[in-house]
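Novice: Got a structure here, written out as structure tokens. Questions coming.
The values are calculated or read from the model by the stated rules, or taken from the named source; none is laboratory data. Note that the coordinates shown come from a computational prediction; the quantities given were computed from them, not determined experimentally. In this analysis, Cβ positions are derived from the backbone assuming ideal geometry, glycine residues included, and neighbour counts consider all displayed protein chains. These accessible areas exclude ligands, DNA and RNA; they are computed on the full protein's heavy atoms, side chains included. Shrake-Rupley method; radii C 1.70, N 1.55, O 1.52, S 1.80 Å.
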Amino acid sequence: MAHLSLHYNCSPEQLDIEQVEGYLHHLKKLHSTPSDSFFKHTVYGLRYVYRMLGMNDRRISLPQIERQKKLPVVMSAAEVRLMLKTPKYLKHKMILAVLYDCGLRCFELRKVELRDVDFDRKMLHVREGKGRKDRYVPLSEHLIRGLKTYIKVDVPEIWLFNGQPDEAGEVTAYSQRGIQWVVKQTKKEAGLEKPITTHTFRHSYATHLLENGLDLVSIKELLGHSCIETTMLYLHVAKSGRQKPFSPLDKLYPPKRD
């Protein structure tokens with residue numbers, strides 16, 4: 001916004017739509033694509049200013065920014081198994097296992113408290129996920145056994161995964177940076193080239209559920225999505241349906257029978 005004001009040496013609300021379009025065209029020429037970050041933030045900033053000033057006609061005259069339609073990175077079952085067995089420390093194994101088994105976002109994992117883990121009902125209570133919505137997700141028998149051992153050995157307080165004590169010596173939740181480090185370090189030690197992040201475990205969780213026959217509406221509820229359209233993204237990456245995708249080259253050269 002400051003660049004626009006300096007460009008014309010006046011405030012944005014004093015500009016007519018042709019001047020704004022001229023400046024945006026100038027940005028397009030400076031940057032490689034209309035979806036460039038600087039271009040997008042200029043448009044978003046103008047929309048906000050015009051909305052605050054009640055200049056709705058100016059706001060709707062601004063160009064629409066299309067979201068990039070990138071498909072998520074998904075691990076195979078073998079890659080998930082490798083990631084889960086690679087860490088040396090049980091705590092790190094459990095962090096990765098909960099990310100995958102429950103399909104949690106990173107901030108949701110950090111907020112899990114001991115009271116949220118229901119071993120009897122085999123459920124995890126996810127409190128105030130995205131949109132401040134609660135939900136329940138099932139816990140596998142494998143994860144329950146691992147968590148019981150981890151809790152007995154590590155003896156966490158309040159949170160399922162405690163971080164370093166604060167300056168006052170109080171217990172804190174495991175940090176976001178710490179969880180990201182566990183994922184990054186495990187990926188490195190496992191020798192995987194795929195760009196794996198904390199969110200890759202969530203994408204893999206949803207995709208594997210879909211591939212194993214769970215319906216899309218149930219997956220939507222487990223992920224805590226507000227609309228089904230977001231969940232439908234996984235239809236593009238899951239190997240499911242009436243016929244699984246195949247390579248036409250394999251049809252040209254079918255395997256020889258002995």
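Novice: What number goes with the only condition from (1) in contact (Cβ under 8 Å) with a residue 24 or more places away in the chain; (2) among the basic types (K, R); (3) not in a loop (DSSP other than H, G, I, E, B) that K194 does not pass?
Specialist: The one condition K194 does not meet is (3).
Novice: Quick check on segment 83-96: of everything there that is more than 21 Å from the chain's Cα centre (by Cα) and in a helix (DSSP H, G or I), which residue is surrounded by the fewest Cβ atoms within 10 Å (Cβ to Cβ)?
Specialist: Taking segment 83-96 first, the residues more than 21 Å from the chain's Cα centre (by Cα) are 85-91.
Those still in the list that are in a helix (DSSP H, G or I) too: 85, 90-91.
Values: K85: 11, L90: 15, K91: 16.
Of everything passing the filter in segment 83-96, K85 is surrounded by the fewest Cβ atoms within 10 Å (Cβ to Cβ).
Residue-wise test of (1) touching a helix residue (DSSP H, G or I) at 6+ places or on another chain (Cβ under 9 Å); (2) under 15 Å from Y100 (Cβ atoms); (3) not aromatic (F, W, Y).
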| position | (1), (2), (3) |
| --- | --- |
| R135 | yes, no, yes |
| H142 | yes, yes, yes |
| D154 | yes, no, yes |
| K184 | no, no, yes |
| T198 | yes, yes, yes |
| H225 | yes, no, yes |
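Novice: Among the residues of segment 128-158, write down those that are surrounded by fewer than 13 Cβ atoms within 10 Å (Cβ to Cβ) and in contact with a strand residue (DSSP E or B) (Cβ under 8 Å, 6 or more places away or on another chain).
Specialist: D134, P138, I158, listed by residue number.
Novice: Also, quick follow-up: Being touching an Asp or Glu at 6+ places or on another chain (Cβ under 8 Å) and more than 23 Å from V183 (Cβ to Cβ) is the filter; apply it to segment 105-127 and report the residue that is most open to solvent (accessible area, probe 1.4 Å).
Specialist: K122
Novice: Which of the following residues is under 21 Å from L114 (Cα atoms) and either among the β-branched types (V, I, T) or open to solvent by less than 60 Å² (accessible area, probe 1.4 Å) (or both): F201, F161?
Specialist: Working: F201 fails: under 21 Å from L114 (Cα atoms).
Every option except F161 fails the conditions.
Novice: Just one of (1) open to solvent by 20 Å² or more (accessible area, probe 1.4 Å); (2) in contact (Cβ under 8 Å) with a residue 60 or more places away in the chain trips up A168, so point out which.
Specialist: (2)
Novice: Sort out which residues of segment 161-181 are hydrophobic (A, V, I, L, M, F, W, C) and over 15 Å from R105 (Cβ atoms), and write them in order of number.
Specialist: Step one: list which residues in segment 161-181 are hydrophobic (A, V, I, L, M, F, W, C), which gives 161, 168, 171, 173, 179, 181.
Correct list: A168, V171, W181.
Novice: Criterion first (of a type in the set (S, T, Y), over 20 Å from the mean Cα position of the chain (by Cα), modelled with pLDDT under 75 and exposed (fewer than 12 other Cβ atoms within 10 Å of the Cβ)) does S247 satisfy it?
Specialist: yes
Novice: Could you check G224 against (1) at pLDDT 85 or above; (2) open to solvent by 30 Å² or more (accessible area, probe 1.4 Å) and say which number it fails?
Specialist: Answer for G224: the failing condition is (2).
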